Amino acid sequence: MNFTIRDSQIADMPQVLCLIKELALFEKEEHAVEVTEENLVADGFGENPLFHCFVAESDSKIVGMALVYPRYSTWKGPVLHLEDLIVSEKYRGTGLGSALLTSVVTYGNTLGVKRISWEVIDWNDPAIAFYESKGAKVMRDWDVVQLDEEGIKKFLK
């Protein structure tokens with residue numbers, strides 16, 4: 001299979017959003033996606049972009065993506081967070097995921113980060129096995145903690 005990994009462009013955001021929705025469906029959270037194409041364009045391509053996105057393109061179609069953004073660890077210093085690495089189901093097992101992850105790791109190394117971190121849902125055994133095969137440490141003794149928009153509002157009352 002021929003594919004290219006490249007930095008995303010504004011014109012890619014409709015297909016990137018389709019991949020985000022495909023992941024949400026896979027994770028049984030299809031109604032949770034609130035972000036729009038307009039949000040992705042404004043947040044990723046403005047004067048101060050909030051994220052960097054790599055896309056995997058095959059036959060002029062976006063079939064995978066990896067979205068990252070900077071964080072800071074009080075213990076380590078600069079960190080890169082991988083929000084999502086998505087390969088369309090039809091293209092899994094073709095090397096796209098490895099190529100996208102390589103792009104992320106190369107990018108993080110270029111930035112001089114001390115760590116690249118991400119979450120993986122605990123029942124996604126193929127993803128966990130993939131990440132572990134690449135040398136990633138899956139930290140099963142940590143829980144993800146979040147305040148959603150409603151929780152933020154309740155907290156501030």
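Taken over the range 21-57, the residue count meeting the criterion of being closer than 12 Å to L67 by Cα and in contact with a strand residue (DSSP E or B) (Cβ under 7 Å, 6 or more places away or on another chain) is 8. Reported count of residues in the range 26-39, each being surrounded by 13 or more Cβ atoms within 10 Å (Cβ to Cβ) and in a helix (DSSP H, G or I), is 3.
Selection of first residues in the range 145-157 that are loosely packed, with under 10 Cβ neighbours inside 10 Å and of second residues that are of a type in the set (A, V, I, L, M, F, W, C), restricted to Cβ pairs under 8 Å at least 6 apart or on distinct chains, gives the following pairs, ordered by first then second residue: F155/L147. Scanning the range 77-128 for residues that are of a type in the set (D, E, K, R) and in contact with a Phe, Trp or Tyr (Cβ under 7 Å, 6 or more places away or on another chain) yields a single hit, E83.
Within the range 78-94, track down each residue that is of a type in the set (G, A, S) and surrounded by 14 or more Cβ atoms within 10 Å (Cβ to Cβ).
First, the residues of the range 78-94 that are of a type in the set (G, A, S): 88, 93.
Hit for the range 78-94 is S88, nothing else.
None of R140, R115 is out of contact with any Cys (no Cβ under 9 Å at 6 or more places or on another chain) and modelled with pLDDT under 95 except R140.
So W75 ticks every box in (1) surrounded by 12 or more Cβ atoms within 10 Å (Cβ to Cβ); (2) at pLDDT 95 or above but one. Which box is left unticked? Of the numbered conditions (1) surrounded by 12 or more Cβ atoms within 10 Å (Cβ to Cβ); (2) at pLDDT 95 or above, the odd one out for W75 is (1).
Can you spot a residue in the range 4-17 that is among the polar types (S, T, N, Q), at pLDDT 95 or above and part of a loop (DSSP other than H, G, I, E, B)? Taking every residue of the range 4-17 in turn, at least one turns out to be among the polar types (S, T, N, Q), at pLDDT 95 or above and part of a loop (DSSP other than H, G, I, E, B).
The values are calculated or read from the model by the stated rules, or taken from the named source; none is laboratory data. In this text the structure is predicted, and so the values were computed from the model without any measurement. Note that we place each Cβ from the backbone using ideal geometry, even for glycine, and neighbour counts take in every protein chain shown.
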